[in-house]
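*Asks:* Structure in structure tokens, see below.
No lab work stands behind these numbers, since they all come straight from the coordinates. Given the structure is predicted, the values throughout are model-derived calculations rather than measurements. All Cβ positions, even for glycine, are placed from backbone atoms using ideal geometry, and neighbour counts span all protein chains on display.
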């Protein structure tokens, strides 16, 4: 009897875990970027804490995007009337001293921040927010700020990053947010497969999986050896995950590059945040993206122009 109950419990848990989540029920992505454009489309004060070590590159990037609309100010330089103007806050959250004056629904605590009554107090937690007259890119450390900057695409009111990954995303409803956890969506909608080359391979449950993984692994191992020897690189000590998506909607949402779900956008594959994402399966495409993993592990893309990064990959993958 105990054995029977145990088997029933396992079956029920398996069924519950295997149920996919309808992507059409997720918070809508604003492809027209109306809300954020309304804020940064005019004169915008780019605000940073008075203590801003390590922020220069990020601030310069954002000011370049804002163009002639960019007005740079440290927080202490804000006048009382400035808080009602369009503001773009960038910096470590703890370094902002007048948080209450911004009147945002994100609460600042001694060790982090609170959203939807949930505390985010890890040093890796970051936040990207589009509010009434505010855009905020912040977090509990400089690394978290950089993660939030990478995650922010402007079409959702809220993005939370944790340990370099997007977790919660959603849109504002009153003082709360209708949000979903991206990592939980992946668990529900993808099947995990063990791999010798990847930390794991995640295959969409809507993808017709006919891949011979044994043959693929052998092929990629030979290719990786050739790639590493060509550039005299060492084999990476860390590994990537690989996500295989069946359509563009899955591809954009599950990768966190939500703009790919918008009309007119398209992509076959890319690597980001320690992950490879491909729409469907193509051996040459996988080799290309795997090359980025091998190359970037030794020489990060941040230090190289795009033509060099892509050229180095294309040279070997097309031999």
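*Asks:* By count of other Cβ within 10 Å, fewest leading, how are 59, 260, 233 ordered?
*Replies:* In increasing order of surrounding Cβ atoms, one gets 233, 59, 260.
*Asks:* Further, regarding this structure: Looking at the chain as a GNM with Cα springs under 10 Å, which of 37, 161, 210 has the largest mean-square fluctuation?
*Replies:* Comparing 37, 161, 210 in the GNM, the peak value goes to 210.
*Asks:* Arrange 58, 160, 253 by Cβ neighbour counts within 10 Å, fewest through most, would you? If you can, show how the numbers build up before the last one.
*Replies:* Values: 58 19, 160 28, 253 22.
Placing the least packed residue first, the sequence is 58, 253, 160.
*Asks:* How large are Rg and Dmax for the chain when calculated on the C-alpha trace, in angstrom?
*Replies:* My reading of the Cα-based Rg and Dmax gives 21.9, 74 Å.
*Asks:* Further question: Of the beta bridges DSSP finds with both residues in segment 210-306, what % are antiparallel, to the nearest 5? Walk me through the numbers before you get to the answer.
*Replies:* Working: 4 of 9 bridges.
Percent antiparallel among DSSP bridges in segment 210-306 is about 45.
*Asks:* If I take every Cα pair under 8 Å that is 6 or more residues apart in segment 162-259, average their sequence separation and divide by the length, what percent do I get for the relative contact order?
*Replies:* Details: 88 pairs, mean separation 25.1, N = 98.
Relative contact order here is 26 percent.
*Asks:* With an 8 Å Cα cut-off and a minimum separation of 6 or more residues, compute the relative contact order for the chain in percent.
*Replies:* Once normalised by length, the contact order is 12 percent.
*Asks:* With just the Cα atoms defining each centre, how far is segment 116-158 from segment 30-103? Give it in Å.
*Replies:* 13
*Asks:* Provide the percentage of antiparallel DSSP beta bridges, counting only those with both residues in the chain; round to the nearest 5.
*Replies:* On the way: 32 of 55 bridges.
Roughly 60 percent of the beta bridges in the chain run antiparallel, per DSSP.
*Asks:* If neighbour count is taken as other Cβ atoms inside 10 Å, put 193, 218 in order from fewest to most.
*Replies:* 218, 193
*Asks:* Can you tell me, using C-alpha contacts under 8 Å and at least 6 residues apart, the relative contact order of segment 34-182 as a whole percent?
*Replies:* This gives 19 percent for segment 34-182.
*Asks:* Quick check on segment 194-317: take the gyration tensor over C-alpha atoms, sort the square-rooted eigenvalues as a ≥ b ≥ c, and tell me if it's rounded (a/c under 1.5), prolate or oblate.
*Replies:* On the way: a/c = 1.91, a/b = 1.26, b/c = 1.52.
Oblate is the answer for segment 194-317, as a/c is 1.5 or above yet b/c matches or exceeds a/b.
*Asks:* Pick from 306, 84, 298 the residue whose mean-square fluctuation is largest in a GNM of the chain, springs joining Cα atoms under 10 Å.
*Replies:* Highest fluctuation among the options: 306.
*Asks:* Would segment 36-91 count as rounded, prolate or oblate if I go by the C-alpha gyration tensor, calling it rounded below 1.5 in a/c and otherwise prolate when a/b exceeds b/c, oblate otherwise?
*Replies:* Taking the square roots of the gyration eigenvalues as a ≥ b ≥ c, segment 36-91 is oblate.
*Asks:* Here's something else I'd like to know. For residue 24 and residue 191 in one chain, what is 0.36 nm times their gap in residues minus the Cα-Cα distance, to one decimal in nm?
*Replies:* Details: separation 167, 0.36 × 167 = 60.12 nm, distance 1.99 nm.
Contour length minus the Cα-Cα distance gives 58.1 nm.
*Asks:* I want to verify a result. In a Gaussian network model of the chain, Cα cutoff 10 Å, which of these has the top mean-square fluctuation: 130, 145, 237?
*Replies:* Maximum fluctuation in the GNM of the chain, among the listed residues, is at 237.
*Asks:* Please work out whether segment 34-182 counts as rounded, prolate or oblate from its C-alpha gyration tensor, where a ≥ b ≥ c are the square roots of the eigenvalues and a/c under 1.5 means rounded, while otherwise a/b larger than b/c means prolate and anything else oblate?
*Replies:* Values: a/c = 1.39, a/b = 1.26, b/c = 1.10.
Cα axes put segment 34-182 in the rounded bin.
*Asks:* Rounded to the nearest 500 deg cm²/dmol, what is the calculated helix-only ellipticity per residue at 222 nm for the chain, with -39500 (n - 2.57) per DSSP H run of length n ≥ 4?
*Replies:* That comes out to -10500 deg cm²/dmol.
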